[in-house]
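A quick write-up on the structure given underneath.
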Amino acid sequence: MKLREQEGWRDELRSALLSQVLAPFMIFTSFAEKTVTIAELEARKLHHDPYELFTRAVQPALWLLIYGNVMSRIRAIPTGDLPYIDYMTPGILAQSVMFIAIFYGIAVISERDLGVVHKMLVTPTPRPSLVLGRALSASERALVQAGIVYLLALGLGVKLNLNPLAIAGVVGVVILGSAVFSIFSLIIACIVKTRERFMGMNQMITQPMFFASNAIYPISLMPTWLQWISQLNPLTYEVDALRSLMVVGGSSMYGPIHDLAILLTALAIFVVIGSYRYPKIVT
């Protein structure tokens, strides 16, 4: 009898230890599943309206075909041994990703008006999953935009780095950058709460962020005060990472690991803020 009790006690102890060991893994798995579910739900909207992607392609086409060709001819911006059109291509890709992601918050305002946000908030899905799920769905649009920029760049003779590892790195940076700016957009939407204010706020933020980065000219050409601002700009580090991966002869000013660390830090901060602010959009 005592032997059976001891064996039963040992079995219970093993089960308790096993559950404690597996608990973090099970929590992470559940969190990841809910995040992917939200991302899939949001991504379906793109499949119902694919023409949005083609309209978004107009802006990078204008920048590369007109601005890039003109500035390449006059050679007004020093870019070393790298042709100017090659230099600016990663910047235009980063700009396109930012412009797509930064307007993503307007969907949150529309969903609030339709009552969708209220339904999401009463589910047991963690707030960070709701925020990250939206960020992942924005990445799908960004990757399609990256494909369009690659095709335009190839047509213009840009010396792209087509090494599979380099392309995989570009995909990772694009996903990370779109996640950062889409969550930033969600935070803005949760603060202003109306479409009119959201559009005005985005116009006020996106253009300064673009021009206060290294997207179309080196940081060394900026005045000192603007150089300090550019170093606080996440777009600067996205462009820097893309330039080292995307084009032949491109280099990173800060180093790819440093760029990724900055973007990951910005993402973590924005996820925390977005998770806190997201429920407040309905109040």
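A short reminder: the numbers here are calculations on the coordinates, not readings from a lab. These figures come from a predicted structure and were not determined experimentally. Here the Cβ positions follow ideal geometry from the backbone for every residue, glycine too, while neighbour counts run over all protein chains shown.
Among Val171, Val70, the order by Cβ neighbours within 10 angstrom, fewest to most, reads Val70, Val171.
Sorted fewest first by neighbouring Cβ atoms within 10 angstrom, Ile106, Ile257 come out as Ile257, Ile106. Each of Ser252, Ser96, Ser220, Ser230 was scored by other Cβ atoms within 10 Å of its Cβ. Arranged with the fewest first, they read Ser220, Ser252, Ser230, Ser96. Working from Cα pairs under 8 Å separated by at least six residues, relative contact order for region 119-271 is 28 percent.
Classified by the C-alpha gyration tensor, region 141-231 has an oblate form. Its axis ratio a/c, with a ≥ b ≥ c, is 1.5 or above, and a/b does not exceed b/c. Between Gln203 and Ala268, the simple spin-label model (points 7 angstrom out along Cα→Cβ) gives 3.7 nm.
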